[in-house]
Amino acid sequence: MSALLPVMNDIKMNLLLKYFPNLTETQLRQFEQLPDLYRAWNDKINVISRKDIDNIVERHILHALAIAKVVTFVPGAEILDLGTGGGFPGIPLAILFPKTRFTLIDGTGKKIKVVNEVIEAIGLENAKAKHSRSEEIKHHFDFVVCRAVASLDKLINWSFRLLKKKQSHAIPNGLITLKGGNIQSEIRALPRKEYIEIYPVSKYFEEEYFEEKCVVYVQG
């Protein structure tokens, strides 16, 4: 790992090592490739906010990995990234959990093209991306994950029918979404009482960017 550290530091990968010190050499190399790949693709197809592209490690990769602080996906589990956009949180999670299978979907075809190109470029064998909407998905998953896709009521409506009945994790199968802002108003707007846990991301990551961010788990 020592030979990799100078390069890692140049592109702020040390931020990942700060919170995930046990990354393998393969994982480090895969994470290391992401910033340049997204910069190159962003010049052709805008998949990441221009103001965020220079902060991709913190605001996209590390942010996605906040989900891993809430649940450890087991080998063989199947995870759906709903509305993946440019591949978040699915791609970082797939790197972190190489024995878990990830399906990334989005309704915008050009975004899925980028996601598939990134997956191929870094040699990510446990992830696949599809141009699809949730209504078209017939398969079932252990968890549905997403980031900034829609309000909780819509996410629940889209997600719960896609969950497996068989349980394999420390928490029951459900929806895990990265949220910011006033999550309590979304919870109050739900038509029925759901079991919900809210995990402030600042509990795990000390950077200022995460102060108003949270991981929301809704039991299926």
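Computed from the coordinates by the stated procedures, all read-outs in this text should not be read as laboratory data. These numbers were taken from a predicted model, which means no experiment stands behind them. Cβ coordinates were reconstructed from backbone atoms using ideal geometry, including for glycine residues, and neighbour counts include every protein chain displayed.
Annotation: amide H of Phe141 within the under-5 Å range of Leu163, Lys164, sequence separation 5 or more or interchain, hydrogens built in the peptide plane.
Shown for the chain is the translational diffusion coefficient from the Stokes-Einstein equation, using the Kirkwood radius over Cα pairs, a temperature of 20 °C and a viscosity of 1.002 mPa s: 122 µm²/s.
Using only Cα atoms, tell me the angle between helix 25-42 and the longest principal axis of the chain; keep it within 0 to 90° and round to the nearest 10. Roughly 90 degrees between the two axes.
Charge tally for Glu117 (other residues, Cβ to Cβ under 12 Å; Lys, Arg +1; Asp, Glu -1): +3. With contacts taken as Cα pairs under 8 Å at a separation of at least 6 residues, segment 151-220 carries a relative contact order of 40 percent. Each label was represented as a point 7 Å from its Cα along the Cα-to-Cβ direction; for Lys99 and Val74 these points are 1.1 nm apart. Residues Phe97, Phe143, ranked from the fewest to the most other C-beta atoms within 10 Å, line up as Phe97, Phe143.
Panel order for Arg101, Arg29, by other beta carbons found within 10 Å of each beta carbon, from fewest to most: Arg29, Arg101. Subtracting the Cα-Cα distance of Tyr209 and Glu197 from their residue separation scaled by 0.36 nm leaves 2.2 nm.
Just to confirm my numbers, what's the Cα centroid distance between segment 59-86 and segment 98-158 in Å? A separation of 10 Å, based on Cα centres. Amide H contacts of Ala129: Leu104, each under 5 Å away and 5 or more positions distant or on a separate chain (H built 1.01 Å from N in the peptide plane; Pro and chain starts excluded). Each Lys or Arg adds one and each Asp or Glu takes one away; over the other residues whose Cβ falls under 13 Å from the Cβ of His131, this sums to +4. Karplus-based coupling profile of segment 79-95, in residue order and whole Hz: 10, 9, 9, 8, x, 5, x, x, x, 10, x, x, 5, x, 5, 5, 5, with θ = phi - 60° in 6.51 cos²θ - 1.76 cosθ + 1.60 and x standing for Gly or Pro. Other residues within the sphere of radius under 14 Å centred on the Cβ of Asp43, judged by their own Cβ, net out at +1 (K and R +1, D and E -1).
Cross-link partners of Lys166 among lysines, defined as those whose alpha carbon lies under 26 angstrom from its own and excluding same-chain residues fewer than eight positions apart: Lys69, Lys99, Lys128, Lys130, Lys138, Lys154, Lys193. Across segment 5-219, C-alpha contacts under 8 Å between residues 6 or more apart give a mean separation that, scaled by the residue count, equals a relative contact order of 17 percent. Phi angles across segment 136-143 convert, under the Karplus curve 6.51 cos²θ - 1.76 cosθ + 1.60 with θ = phi - 60°, into 3J(HN,Hα) values of 8, 7, 9, 6, 10, 9, 6, 9 Hz, Gly and Pro given as x. The angle between the Cα long axis of helix 109-121 and the main principal axis of the chain comes to about 50°, on a 0 to 90 degree scale. Between Ile187 and Ser151, the modelled labels are 1.7 nm apart [label points 7 Å from Cα along Cα→Cβ].
Phi-derived couplings, Karplus 6.51 cos²θ - 1.76 cosθ + 1.60 at θ = phi - 60°, listed residue by residue for segment 189-197: 7, 5, x, 9, 6, 10, 7, 10, 10 Hz, with x used for Gly and Pro.
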